[in-house]
Amino acid sequence: RNYFAHTHTHTHTHANADHITYIDESGTSLFSSKSQNGGNPVECTVGDTNVPEAIDVVLREMKEGEVSQVHADKSTMFVFGLAPPAGSNIQEGSDVDFTIEVTDIQKGKESWNLSHAEKIALCTERKGQGNALFKAGNYRRAAISYRSAIKLFADANSKDNEKREASHAKLPCLLNATMCCIKLGKYDQGLKDVNQALEIDGNNVKGLYRRGIIHRELGNFVESHQDFNHVQDLDSTLPELSREIALLKRAEKQQNKRDKKAFTKMFSGISDPSDSAPEAAQQ
């Protein structure tokens with residue numbers, strides 16, 4: 001099985017893996033946690049940024065007593081500061097095959113069963129995890145952490161003051177998820193995230209600025225100008241704004257050149273019917 005990304009709405013879920021064995025293409029063992037851990041199970045916390053993404057995702061899907069054989073893409077394993085187990089023959093930056101057996105899973109509460117205070121605390125924790133991942137350059141996994149924080153507040157049956165607190169907690173997560181999308185070039189998803197953020201605070205400078213960038217990258221030049229103009233009205237001292245506006249004007253100019261070239265090519269093969277009269281009319 002190939003694993004890449006997943007989201008969750010539990011509080012802390014712990015899984016005890018009887019062993020995690022890494023193997024090469026020929027089936028030769030490169031490392032076994034069982035032999036390195038005195039025969040004791042390895043405890044993993046789902047969502048822990050010290051656990052490689054592929055293992056984290058597999059543990060979310062497995063049940064007690066299950067054994068999984070996994071092929072993990074190199075981008076989901078020992079990257080962004082995560083190193084292979086000490087004493088292993090695993091090379092960083094390479095795809096990894098491994099076998100994992102789960103002996104025990106202790107699931108945390110579902111989000112709908114959390115108190116409002118617990119949701120706020122867990123949101124803060126997941127935002128912190130996302131920030132650490134973002135700082136390490138792991139934008140995809142950071143976005144997963146931010147969205148898992150946002151999903152904690154999917155329950156609409158809360159009091160007005162709790163909704164305000166939830167919005168306040170969600171806002172930086174939405175803005176940060178937007179930034180992850182910009183880094184990853186996922187502009188359509190980024191637009192959805194930033195629009196949610198601006199529903200909470202329509203004058204948020206970061207939100208308007210990032211949406212202006214996204215609109216520019218999507219070719220929505222009018223909307224991009226509108227957002228950048230709004231930012232300028234709110235904070236004309238923002239140092240990056242003049243550069244982004246310059247990039248917008250350059251993108252518009254390039255698009256106009258492409259449009260003009262396409263228009264010229266489209267009509268270059270069309271002749272004027274008046275240039276050649278029918279033979280019968282010439283007699």
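The values are calculated or read from the model by the stated rules, or taken from the named source; none is laboratory data. All values reported here derive from a predicted model rather than from experimental measurement. Every residue, glycine among them, receives a Cβ derived from its backbone with ideal geometry; neighbour counts consider all protein chains shown. All accessible areas refer to the heavy atoms of the entire protein, side chains included, with ligands and DNA or RNA removed. Shrake-Rupley method; radii C 1.70, N 1.55, O 1.52, S 1.80 Å.
Observations
- Of all the criteria given as (1) open to solvent by less than 30 Å² (accessible area, probe 1.4 Å); (2) β-branched (Val, Ile, Thr); (3) not in a helix (DSSP H, G or I), the one not satisfied by Ile144 is (3).
- If the condition is being surrounded by fewer than 15 Cβ atoms within 10 Å (Cβ to Cβ) and in contact (Cβ under 8 Å) with a residue 60 or more places away in the chain, then segment 90-111 contributes Thr103, Asp104, Gln106, Lys107, Glu110.
- Qualifying position, being surrounded by fewer than 16 Cβ atoms within 10 Å (Cβ to Cβ), at pLDDT 95 or above and either outside any helix (DSSP H, G or I) or acidic (Asp, Glu) (or both), among Asp193, Asp188: Asp188
- Any chance Val67 is at pLDDT 70 or above, out of contact with any Leu (no Cβ under 6 Å at 6 or more places or on another chain) and buried (at least 17 other Cβ atoms within 10 Å of the Cβ): no
- Verdict on Gly219 being at pLDDT 95 or above, assigned to a loop (DSSP other than H, G, I, E, B) and surrounded by 12 or more Cβ atoms within 10 Å (Cβ to Cβ): yes
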